[in-house]
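Below: the structure, in structure tokens.
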Amino acid sequence: MSKSLLWIGASSLCILFMSVFARSAHAQADNPSCMAIRRACRQAGFEPGQGVTRDCYTPIVEGTPGNGKALPSIDRRIVEQCRSSISSATRPGRQTQQVNGKTELMPADEGAVVYDSNNHVYWLADADFAASPKGQEIQRTMEVTGIDPNGAMDYSTARKWVAALNAYDHNQGYLGHNNWQLPATPLKDSSCGALGPGGASFGALCQGDALGGLYYVGLKHVFPANAAAFTGASIGPFHHMQLAYYWTQTSGGVNGTGKQVFSFNSGQADVTEVNDADYYALPMVPKQNGPIGGVAPACPEGSLLALYTGGPAANQAVFDCDTGISWLADANLAATSNFGIAGDLPIHYNRPYPAPHPITLSEPRIIDGAMMWSTAQEWIAALNDYDGHKGYLGSTKWQLPDSPADLKALFAHLQLAPGDTRLMSQAGAGPFHHLQPFFYWEMCVNDPKEAGRGVSECSAGNAPSGRLGREMSFDFTFGYGLLSTDLSALKYFVMVYYPATGASPHSTPTNPRQR
């Protein structure tokens with residue numbers, strides 16, 4: 001298969017250097033002798049990652065003095081075998097696009113980074129590094145502010161964070177690399193499902209962007225699979241609360257055809273398309289319909305929320321003593337109870353760039369509780385029709401929240417703050433850890449041959465600003481494999497990489513689903 005389209009600006013000299021470095025580093029990750037040297041360095045007390053490589057491994061292999069700390073004694077034959085592997089790896093003609101004839105994600109540098117043979121980059125293995133103890137230390141040292149405790153940040157802060165990683169340790173950079181960058185995305189991508197009015201590609205199937213390539217090719221997922229499963233958090237009387245968006249009934253967007261959504265991760269609202277977005281449903285019974293069963297539970301002192309303890313909703317619904325709204329206590333009930341809403345939905349993509357090459361996909365109506373807008377409406381109707389039209393928990397008045405304001409009030413009454421660390425996935429995905437099932441920022445990088453709408457914004461790393469003129473940026477969700485553009489002020493997560501080579505444009509697969 002051809003390699004993903006990936007634009008990385010670099011001089012010819014940088015391209016040559018990084019090509020040689022990638023091959024040698026890749027060989028070091030494989031070679032048992034090189035691994036034995038790194039293991040000895042680690043056992044000798046050198047700091048994992050940068051300390052092992054810079055202060056111990058490199059001096060031993062290159063035969064140069066270290067930083068003053070005693071180096072471990074290594075058998076000369078082991079050192080020579082490691083040197084030999086590096087030398088053979090840097091000979092012209094060795095291909096790094098594939099490993100053993102197939103696309104691979106391979107841990108390197110003691111597992112601190114992951115070599116991605118499809119994107120030709122080395123990813124930081126911690127997919128939410130900013131939230132880690134070391135990441136927080138770098139924030140303090142480099143005076144980066146605006147990052148939430150769970151690692152989410154707006155786009156401007158994301159760029160400052162990357163700059164801090166490169167300037168860290170007296171400009172040597174984190175792990176000894178000062179060329180970290182946000183994942184790149186082209187303005188236009190023929191593998192994407194749609195093209196926006198501002199001239200930017202978006203939607204499912206995108207592999208031209210680095211994160212799309214990682215999702216579809218490296219991690220081998222298919223839209224709309226969740227690459228970073230998260231069962232949810234227990235917060236107050238609620239359980240299975242998700243960090244991704246929840247649907248509301250309020251329309252939005254330039255043409256009013258989208259729907260407003262809300263995230264308990266950031267406390268922020270957004271607007272989304274309804275035809276290919278898979279989000280969650282938290283049903284409510286509004287105040288005007290009264291408490292479920294006619295009697296509201298008393299709120300405990302110091303709280304505005306009370307779990308129903310009697311009647312048909314006992315232990316399964318929560319009453320808000322301030323708003324009078326009753327909520328389901330299971331914030332992702334659809335993951336375990338579909339109420340008869342099953343089967344698949346067709347999704348049609350025109351794929352208009354550079355010329356229309358349409359495709360029709362199908363997806364389950366409910367995927368681990370996430371669903372499209374039309375399915376969310378059907379699921380709510382099924383709740384009200386449950387048990388011979390008596391309704392779920394004895395109520396036929398369930399509905400989606402009227403607007404993000406309902407969920408924002410609940411956010412406040414739960415005493416949540418943006419970036420609550422309970423709303424973080426701790427799970428791994430392949431060689432990565434802490435991958436979040438939500439959006440990650442990407443940086444637009446122009447094709448020098450591109451012209452027309454959106455090019456000026458892309459040159460600055462942004463997405464086209466759209467009709468309202470607000471700054472937009474590209475992002476990609478591992479929740480269901482979709483490339484999007486969003487307001488730069490929203491708070492999303494950040495993955496970074498450094499290039500293994502100066503990658504150049506390549507054609508993308510004609511049918512990404514056949515991976």
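None of the figures in this text is laboratory data; all of them are computed from the coordinates on show. Treat the numbers as computed from the prediction; the structure is a model and nothing was measured. For neighbour counting, all protein chains shown are included, and Cβ atoms are generated from backbone atoms with ideal geometry for every residue, glycine included.
Which trypsin sites (Lys or Arg not before Pro) in the range 386-417 sit in a loop by DSSP (not H, G, I, E or B) and have at most 16 other Cβ atoms within 10 Å of their own Cβ? Of the trypsin sites (Lys or Arg not before Pro), the ones in loops of the range 386-417 whose Cβ has at most 16 other Cβ atoms within 10 Å are 390, 397.
Near residue 383: Cβ cut-off under 15 Å, other residues only, Lys/Arg at +1 and Asp/Glu at -1. The net charge is -1. Sequence gap at least 6, Cα distance under 8 Å: using those rules, report the relative contact order of the range 213-270 to the nearest whole percent. Once normalised by length, the contact order is 19 percent.
Among 217-224, 324-331, 478-485, 309-316, sorting by the average number of other beta carbon atoms lying within 10 angstrom of each residue, highest first, gives 478-485, 324-331, 217-224, 309-316.
Ordering of 232-239, 489-496 by packing is 489-496, 232-239, highest average first (other Cβ atoms within 10 Å, averaged per residue).
Computed from the Cβ-Cβ distance with R0 of 56 Å, the FRET efficiency linking residue 143 to residue 289 stands at 0.65. For residue 56, the shell of other residues with beta-carbons less than 14 Å away shows a net charge of 0, using +1 for Lys and Arg and -1 for Asp and Glu. Taking Lys and Arg as +1 and Asp and Glu as -1, the other residues whose beta-carbon sits under 14 Å from that of residue 489 total -3. 3J(HN,Hα) along the range 269-280: 9, 8, 10, 9, 5, 9, 9, 8, 9, 10, 10, 9 Hz, from the Karplus curve 6.51 cos²θ - 1.76 cosθ + 1.60 with θ = phi - 60°, whole Hz, x for Gly and Pro.
Principal axis analysis of the Cα atoms in the range 233-386 yields extents of 62, 31, 28 Å, listed in decreasing size.
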